[in-house]
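*Asks:* Can you read through this structure? Questions will come right after.
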Amino acid sequence: MIRFLTKRIAQAATVLLLVSVIVFVLLHMLPGGPARAILGVQATPEAIAHFNHQQGYDRSLPQQYVMYLGRLLSGDLGESYKLNQTVASLLGERLPKTALLAGLALTLAALLAVPLGILQAVRRGKAADYLLTGAAFLAYATPVFFLGLVLILVFSQQLQLLPAEAPQADTLGGILTDLPALVLPVVTAALGIIAAFSRYTRSAVLDNLSEEYVRTARAKGQSNARIMARHVLRNALIPLATLLGLHLPTLFSGTLVVESMFNYPGMGLLFWNAAQGSDFPVLLGVTLVAGVATVLGSLLTDIAYAVLDPRIRSVT
Amino acid sequence: MTATDAPVSETAPATPGPARRTLAVFTRNKLALTGALVLLGLLTFCFLGPLIHPTDQIHTDLSQAGLAPGGNHPLGTTDLGYDLLGRLMYGGRTSLEVGLAAGLLATLLGTVYGAVAGYLGGWADAAMMRITDAALAIPALFLLVVVAAIVTPSKPVLILIIASVAWLSPARLIRGEALALRSRDYLHAMRLMGGGGSRAVFRHILPNAIGTVIVNATFQIADAILYVAYLSFLGLSIPPPAADWGSMLSAGITYTQVGHWWLIFPPGIAIVLVVAAFNFIGDGLRDAFDVRLEKS
């Protein structure tokens with residue numbers, strides 16, 4: 001177990017370091033380089049030269065990278081051009097809100113996808129299975145924003161049941177008190193994940209149903225419900241944890257679109273506004289955080305997986 | 001996906017060539033055939049449609065703005081007076097051209113990178129794969145948006161931007177294939193006869209992985225079309241008066257409040273159709289080439 005952990009953590013650390021290299025490269029691709037990014041568009045060439053010298057941007061790239069990494073490790077992500085705030089404090093405000101939205105979407109997706117997947121596996125080859133398979137393929141091909149627009153048209157415009165704007169409160173508690181306004185954003189963010197998870201549950205349950213321990217349980221006269229709960233689901237759902245880790249990037253991209261559509265005040269909206277206003281420190285800060293969160297998320301799910309399923313440790 | 005599982009040898013007494021066999025399995029898959037027909041229909045609609053229904057998609061006409069479907073405008077008009085049916089054809093051309101080019105370019109780049117990494121193995125492979133791991137850790141849409149915010153996209157730039165992000169997953173896929181192929185006997189034999197690395201990659205590994213490459217290319221094209229749509233929807237694609245299906249949706253979002261549904265459904269359904277079509281074709285090809293691979 002310890003060997004597995006060290007190996008996996010070392011790998012994650014390498015990837016994290018490379019993520020920072022990628023963001024560093026992007027920083028240097030900016031028009032005018034980092035000086036322009038920090039001093040603003042109106043800085044004079046003299047001011048830029050002075051800044052470059054002062055900050056060490058006239059040194060070699062490897063030296064600069066080491067300095068950049070040092071700043072990152074001390075939590076310095078630069079300052080927004082537009083919002084008169086450090087990127088770190090902006091992220092501190094926005095990240096929990098995105099985590100809330102993503103968490104709700106994931107919970108909803110898991111709650112719906114697992115029963116749907118079981119239903120499909122049990123009714124394999126029947127009408128319900130074909131119908132849900134078709135729906136899942138349709139959901140794969142549907143861009144999040146089109147789905148969101150259709151939901152707005154139907155539930156907000158036609159039926160006038162739900163607001164088309166997400167809660168605008170400053171605190172997480174405030175957001176949660178405005179539940180009707182949360183429905184459309186959360187459902188929009190969840191749909192693609194429901195499709196993926198239900199497909200996965202279907203095939204995992206089917207695989208497990210043909211295992212010998214299921215036949216043994218049947219032979220002992222156990223009921224179908226008990227076999228499903230005690231034997232099949234236990235084995236089928238453990239890998240779902242890994243799937244969660246793999247879906248983190250998709251989830252982040254989804255919240256980016258959902259937040260900009262529904263005007264939900266999270267990290268995605270911050271990022272989108274930054275893209276519209278060429279606020280590069282914010283853009284790169286959010287990109288870095290999304291990358292780091294993905295790496296850490298998949299590390300955690302891998303560890304959870306190894307704890308839950310001892311076979312994994314010996315394989316890797 | 002459902003595999004059409006009748007063994008080919010039973011149906012064909014005089015053994016046909018591999019290309020025909022592949023085609024036979026593909027056409028037996030109804031979904032794949034539907035996908036191909038839908039794609040053909042969409043291509044005809046976008047590229048030949050303007051001959052039957054010519055419209056002006058450059059100049060705005062505010063006297064014709066925001067009309068509901070009917071009369072001269074079968075799908076209504078936009079807030080700037082563009083005929084929507086015509087715009088659907090015009091915008092579809094951008095979506096399809098950029099999607100196809102970017103998907104193919106991404107496949108090409110990823111395939112060569114993956115094949116080289118897999119063939120080299122060892123440290124070079126580990127280093128090359130950690131780079132793709134890191135780039136894959138950053139959600140693709142975030143990378144795309146940052147790059148699109150740095151450079152203003154035109155059609156060729158957009159193709160490059162999307163390909164520069166999308167090559168990662170084929171790279172991983174082909175690397176796995178190459179890793180398996182490099183220890184085959186014929187590669188040992190080639191090396192004994194003095195063949196070099198580039199010969200191994202281009203003459204042996206790539207031709208053997210071609211099924212995987214082609215199947216992956218169709219999924220890449222579907223993804224690239226979605227990426228174009230996402231970028232345009234976020235307002236970071238080719239600036240107006242150019243249009244594509246994503247930017248049409250983005251332009252329609254304001255008018256959902258007044259119930260202009262015709263701005264939303266046609267481009268949205270077009271995206272769903274084309275993406276589903278490519279996915280079905282990809283699934284059919286996978287069965288036809290009989291390659292098993294993870295669709296990621």
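Only the coordinates and a few stated rules stand behind these numbers; no lab work does. For clarity, every value in this text was computed on a predicted model and none was experimentally measured. Positions of Cβ are generated from backbone atoms using ideal geometry, with glycine treated the same way; all protein chains shown enter the neighbour counts.
*Asks:* Say a paramagnetic label sat at a point 7 Å from the Cα of A:SER278, along Cα to Cβ; which residues of region B:140-179 have their backbone N under 14 Å from it?
*Replies:* So the set is B:147-153.
*Asks:* Label-point separation (nm) for A:ILE2 and B:PHE47, each offset 7 Å from Cα along Cα-to-Cβ?
*Replies:* Those two pseudo-labels are separated by 6.4 nm.
*Asks:* Radius of gyration and Dmax for region A:211-280's Cα atoms, expressed in Å?
*Replies:* When restricted to Cα atoms, region A:211-280 yields Rg and Dmax of 22.0, 67 Å.
*Asks:* Per the Kirkwood treatment, what hydrodynamic radius in Å, one decimal, follows for the protein assembly as shown from the mean inverse distance over all distinct Cα pairs? Walk me through the numbers before you get to the answer.
*Replies:* Numbers: mean 1/r = 0.0378 Å⁻¹.
It works out to 26.4 Å.
*Asks:* Here's another thing I want to ask about it. Dipole magnitude of the protein assembly as shown about its Cα centre, charges +1 at Lys/Arg Cβ and -1 at Asp/Glu Cβ only, in debye to the nearest 20?
*Replies:* 2240 debye
*Asks:* Moving to a separate point now. So which helices of chain B fit the span-like rule, where a helix is a whole DSSP H run, its Cα atoms reach 30 Å or more along the axis, and its mean Kyte-Doolittle is at least -0.5?
*Replies:* B:30-52, B:84-120, B:210-233, B:265-289
*Asks:* Please label the shape of chain A as rounded, prolate or oblate, based on the square roots a ≥ b ≥ c of the eigenvalues of the alpha-carbon gyration tensor (a/c under 1.5 means rounded; beyond that, a/b larger than b/c means prolate, else oblate). If you can, show how the numbers build up before the last one.
*Replies:* Details: a/c = 3.02, a/b = 1.59, b/c = 1.90.
In terms of gyration-tensor shape, oblate.
*Asks:* Mind giving me the FRET efficiency for B:ARG130 and A:ASP58? R0 is 22 Å, r the Cβ-Cβ distance, nearest 0.05 is fine.
*Replies:* 0.15
*Asks:* Next up: Given the options B:GLY41, B:GLY76, B:GLY282, state which has the largest fluctuation in a GNM of chain B using a 10 Å cut-off (strictly under) for Cα springs.
*Replies:* B:GLY41
*Asks:* Could you work out the pair-distance distribution P(r) of region B:188-296 from its alpha-carbon pairs, with 5 angstrom bin width and percents rounded to whole numbers?
*Replies:* 2, 11, 15, 13, 12, 11, 10, 8, 6, 4, 3, 2, 1, 1, 0
*Asks:* Report, as a whole number in µm² per second, the diffusion coefficient that Stokes-Einstein gives for region B:118-175 at 10 °C and 1.306 mPa s using the Kirkwood radius over alpha carbon pairs.
*Replies:* Answer, rounded: 127 µm²/s.
*Asks:* B:LEU62 to B:ILE210: extension gain in nm, 0.36 nm per residue of separation minus the Cα-Cα distance?
*Replies:* 48.1 nm
*Asks:* Oh, and also: Quick check on chain B: helices-only [θ] at 222 nm, where DSSP H runs of length 4 and up contribute -39,500 (n - 2.57) each and the sum goes over total residues. Nearest 500, please.
*Replies:* When only DSSP H runs of four or more count, the value is -21500 deg cm²/dmol.
*Asks:* Would you count, across the protein assembly as shown, every pair of lysines whose alpha carbons are under 30 angstrom apart, provided the pair is eight or more residues apart or spans two chains?
*Replies:* Numbers: A:LYS7/B:LYS295; A:LYS82/A:LYS97; A:LYS82/B:LYS155; A:LYS126/A:LYS220; A:LYS126/B:LYS30; A:LYS126/B:LYS295; B:LYS30/B:LYS295; B:LYS155/B:LYS295.
Number of lysine pairs found: 8.
*Asks:* Give me the angle, in degrees from 0 to 90, between the Cα long axis of helix A:61-73 and the longest principal axis of the Cα atoms of chain A, rounded to the nearest 10.
*Replies:* The helix A:61-73 is inclined about 60 degrees to chain A.
*Asks:* Sequence gap at least 6, Cα distance under 8 Å: using those rules, report the relative contact order of chain B to the nearest whole percent.
*Replies:* 27 percent
*Asks:* Relative contact order for region A:87-315 using alpha-carbon pairs under 8 Å, separation at least 6, rounded to a whole percent?
*Replies:* 27 percent
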